[in-house]
Amino acid sequence: MLSLPAVHCSGLDAKLRSRAAFFSGIPLYSIYIYLPQRFQIENGLSPLSAGIHLLLVPLVCFMATGLGSSICLVINITFPLLVAAMALQCLALGLMTTLPSTVGIPARLYGYETILGFGFGLALPTISTIARMELSHVDHCK
């Protein structure tokens with residue numbers, strides 16, 4: 001089980017948020033390790049081509065991070081936004097399991113990459129905002 005210092009997890013809400021941030025690494029690993037391997041092994045692409053086919057994820061992630069951080073600055077809905085981000089990540093990974101094992105790359109894979117990148121992008125600013133709200137100024141200076 002993930003064990004964090006008590007000062008970082010004062011309430012149940014903070015504990016849930018920190019665990020969500022921890023488990024967000026699983027989809028990230030899946031997308032950046034599994035998909036390039038799939039492109040190279042199943043589709044016969046070069047490593048460069050596999051990386052190019054993956055570029056949609058960081059581009060959408062970048063845009064969603066800007067959107068998520070502007071939402072977090074205007075109104076404080078960090079926890080619902082984090083839940084939505086994690087749901088999008090789970091949805092995209094679940095949809096990726098339905099992809100057929102064919103030589104060609106299905107077009108719907110790019111839609112799934114978009115959903116996953118949007119989920120990553122929304123999760124990043126909410127986790128940063130949560131850390132800023134949960135920790136006092138004294139905790140930052142230790």
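Just so it is clear, none of the values below were taken in a lab; they were calculated from the coordinates. Keep in mind that this is a model prediction, so the values were computed, not measured. All Cβ positions, even for glycine, are placed from backbone atoms using ideal geometry, and neighbour counts span all protein chains on display.
Give, in nm to one decimal, the length gained when the segment between ARG19 and SER101 is fully stretched (0.36 nm per residue of separation minus the Cα-Cα distance).
On the way: separation 82, 0.36 × 82 = 29.52 nm, distance 3.32 nm.
My answer for the length gained is 26.2 nm.
Quick one: order TYR112, TYR29 by neighbouring beta-carbon count within 10 Å, fewest to most.
Values: TYR112 23, TYR29 9.
By the 10 Å Cβ count, ascending: TYR29, TYR112.
If we sort 100-110, 69-79 on the protection proxy, mean other Cβ atoms within 10 Å, highest first, what's the order?
69-79, 100-110
Rounded to 0.05, the FRET efficiency of the TYR29 and ILE75 pair, given R0 = 22 Å and the Cβ-Cβ distance, is 0.10. On the basis of the beta-carbon distance and an R0 of 25 Å, LEU91 and PHE62 show a calculated FRET efficiency of 0.80.
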